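K.L.:
Mind looking over this structure? Questions follow.
The values are calculated or read from the model by the stated rules, or taken from the named source; none is laboratory data. Here the structure is a predicted model, which is why all the values come from computation and not from measurement. Neighbour counts run over all protein chains shown; Cβ positions are idealised from the backbone, glycine included.
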Amino acid sequence: MSTTAQDSIKSTIDANDVVLFMKGTPVFPQCGFSSVVARVLDHLQVEFESVNVLEDDGVRQGIKDFSNWPTIPQLYVKGEFVGGCDIIKEMFETGELQAYFKEKGVGGTA
């Protein structure tokens, strides 16, 4: 991973409470998995920064190396990697995600 991509990824994660590395944007997701995670965050009224990995191949591969996780999307909360689509969806369905956001002090009222 290039130092520039690594620095950019770390800087983005450090500067934002919630970051979603995804394919596309929250308004126009380019993959179903990214769409699911963005919709969950919207439903929970969680403000988040999104990074479209399709805009930069260095970031697209770099985030996989950074987290040692092979797939996108990837969700970070307060600098901590939470997971990808399956993990976020399961946490949401069990209520664990809502409790996690509350514990971290992020999120809305949903």
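K.L.:
Hey, among the residues in the range 49-64 that are out of contact with any strand residue (DSSP E or B) (no Cβ under 7 Å at 6 or more places or on another chain) and surrounded by 14 or more Cβ atoms within 10 Å (Cβ to Cβ), which one's nearest to LYS104 (Cα to Cα)? Spell out the reasoning first.
P.N.:
If we filter the range 49-64 for residues that are out of contact with any strand residue (DSSP E or B) (no Cβ under 7 Å at 6 or more places or on another chain), which is where we start, we get 55-58, 60-62, 64.
From the residues that got through so far, the ones that are surrounded by 14 or more Cβ atoms within 10 Å (Cβ to Cβ) too are 56, 58, 60-62, 64.
On the way: ASP56: 30, GLY58: 29, ARG60: 27, GLN61: 28, GLY62: 26, LYS64: 24 Å.
Across the range 49-64, the extreme among qualifying residues is LYS64.
K.L.:
Let me ask you something else. From the list PHE21, PHE33, exactly one residue is in a strand (DSSP E or B) and touching a residue at least 40 places away in the same chain (Cβ under 8 Å). Which is it? Step through it out loud before you land on a result.
P.N.:
Working: PHE33 fails: in a strand (DSSP E or B).
Only one candidate qualifies: PHE21.
K.L.:
Something else: Only residues that are over 18 Å from TRP69 (Cα atoms) and within 14 Å of the chain's Cα centre (by Cα): list them for the range 12-31, please. Before you say what the answer is, go through the steps one by one.
P.N.:
Narrowing the range 12-31 to residues over 18 Å from TRP69 (Cα atoms): 14-17, 24-30.
Result: ASP14, ALA15, ASN16, ASP17, GLY24, THR25, PRO26, PRO29.
Yes/no per residue for (1) surrounded by 14 or more Cβ atoms within 10 Å (Cβ to Cβ); (2) touching a Gly at 6+ places or on another chain (Cβ under 9 Å); (3) modelled with pLDDT under 95; (4) not small (Gly, Ala, Ser):
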| position | (1), (2), (3), (4) |
| --- | --- |
| VAL18 | yes, yes, no, yes |
| VAL27 | no, no, no, yes |
| VAL37 | yes, yes, no, yes |
| VAL40 | yes, no, no, yes |
| PRO73 | yes, yes, no, yes |
| TYR76 | yes, no, no, yes |
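K.L.:
Between GLU49, GLU55, which is among the charged types (D, E, K, R) and under 23 Å from PHE101 (Cβ atoms)? Step through it out loud before you land on a result.
P.N.:
Details: GLU55 fails: under 23 Å from PHE101 (Cβ atoms).
The conditions single out GLU49.
K.L.:
Name, by its number, the condition in (1) in contact with a strand residue (DSSP E or B) (Cβ under 6 Å, 6 or more places away or on another chain); (2) modelled with pLDDT under 95; (3) not hydrophobic (A, V, I, L, M, F, W, C) that does not hold for GLY107.
P.N.:
(1)
K.L.:
Enumerate the pairs (first residue in the range 81-106 and among the small types (Gly, Ala, Ser); second residue anywhere and surrounded by fewer than 16 Cβ atoms within 10 Å (Cβ to Cβ)) with beta-carbon separation below 6 Å, excluding pairs fewer than 6 apart on the same chain, so at least 6 apart or on different chains.
P.N.:
Close Cβ pairs (under 6 Å, with a partner that is surrounded by fewer than 16 Cβ atoms within 10 Å (Cβ to Cβ)) amount to GLY84/THR71.
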